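**Student:** Got a structure for you, written out below as structure tokens; questions coming shortly.
Nothing in this text is a laboratory measurement; each read-out follows from the coordinates by a stated rule. Treat the numbers as computed from the prediction; the structure is a model and nothing was measured. Cβ atoms come from the backbone with ideal geometry, glycine included; neighbour counts cover every protein chain shown.
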Amino acid sequence: MKFHHFFDSSRSPFLRSENINGLLFVLPLIFGFLAFQFYPFLASVFLSLTRYNLLQPARWVGIGNFVLLVKDPDFHKVLWNTVYFTTVSIPAGMIGGLFLALLVNYKLKTMTLFRTIYFLPMFTSWIAAGVVWAWLFHPSFGLVNYILWGLFRIEGPEWLVDARWAMPAIIIVSIWKNIGYNMLIFLAGLQGIPDTFYEAAELDGAGRIRRLWHITIPLLSPTTFFILIVSVIAAFQIFDVVYIMTEGGPEWSTRVIGYHVWNTGFRYMKMGYASAIAWVLFIFIFGATLIQWRIGKRWVHY
């Protein structure tokens, strides 16, 4: 329906009333978008070009915040932590999700129960997961070190208080939290592959590994591409679990960009600088997504 026909008087009164009612129903959503998304978007653009601490009027500094970011060694450390978290957690989570999807892709009565169990962590909030896993990773009383020593006679590390092991602990929690979602999406992709492909390959003498490599993985490429895009966006914005488990420590070893934005803005009251960091984060997410779209044309087969 064209916009200039929206309130056309030649239309029946019923249809005109229906259009008005529809617009009234949409208005709260429009106002919500303008107030809570569009206005903060414009405000963050302005604040990123100012020096503002909530107590004094904003002072215009132009691109000064962005120049300071380039020279800031703390931001370099934060950026490296974010890249480290992203490049390790995403491949591990996707491989684990595919492995679980292959395991539960059988038409058995008990498979529904297993699928539910694997997907349950997705319903758990990051706050609750962070609190529980912080106890599990306790160096003296945690279940993780207890299992390592009890089963393998390995003395577990100090995890969240050790700069070398804090980020791996965060990555483990992230994989545990997201693997059920990846499994579900991969499972939907697997069930969309016709059985005739596998039957023909089996008649040709192809084993399970060859069928996986030459049939399953290529035909899952659109699903893999979707999970990759979503996972990268989520990984760059990780915040909750870091805030609950480590607060960016120890020694800044787990301080990622999302936490750095919050810490800079709401703890140190540098709203202008925090807005600039947030825009750099947006640029990284947009750039990573654009690169994936470009490269995806080479290996995604629809």
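**Student:** Counting only C-alpha contacts under 8 Å and six or more residues apart, can you give the relative contact order of the stretch 29-70 as a whole percent?
**Tutor:** The normalised contact order for the stretch 29-70 reaches 27 percent.
**Student:** Next up: What's the center-to-center distance, using Cα atoms, between the stretch 39-71 and the stretch 86-162 in Å?
**Tutor:** Measuring centre to centre over Cα atoms gives 40 Å.
**Student:** Please tell me the relative contact order of the stretch 64-299 in percent, rounded to the nearest whole number, where contacts are Cα pairs under 8 Å and at least six residues apart.
**Tutor:** 28
**Student:** When the dipole is taken about the Cα centre of the chain, and only Lys, Arg (+1) and Asp, Glu (-1) are charged at their Cβ, what size is it in debye, to the nearest 20?
**Tutor:** So the dipole magnitude of the chain works out to roughly 480 debye.
**Student:** Continuing with the same structure: Which ordering of V67, V144 is given by a fewest-first count of other beta-carbon atoms within 10 Å?
**Tutor:** Listing V67, V144 from fewest to most nearby Cβ atoms yields V67, V144.
**Student:** Taking the number of other C-beta atoms within 10 Å as the exposure measure, put W176, W293 in order starting with the fewest.
**Tutor:** The fewest-first ordering by Cβ neighbours comes to W293, W176.
**Student:** Amide H of T50: which non-local residues (sequence gap of 5 or more, or other chain) have their own amide H closer than 5 Å, using H built in the peptide plane?
**Tutor:** Under 5 Å from the amide H of T50 lie the amide H atoms of V61, each far enough along the sequence or on another chain.
**Student:** Let a ≥ b ≥ c be the square roots of the eigenvalues of the Cα gyration tensor of the chain; is it rounded (a/c under 1.5), or, if not, prolate (a/b larger than b/c) or oblate?
**Tutor:** oblate
**Student:** Right, another one. For L69, L100, L23, what's the fewest-to-most ordering of other Cβ within 10 Å of each Cβ?
**Tutor:** Ranking L69, L100, L23 by Cβ neighbours within 10 Å, fewest first, gives L23, L69, L100.
**Student:** Write down the radius of gyration of the stretch 43-176 and its Dmax, each obtained from C-alpha positions, in Å.
**Tutor:** 21.5, 65
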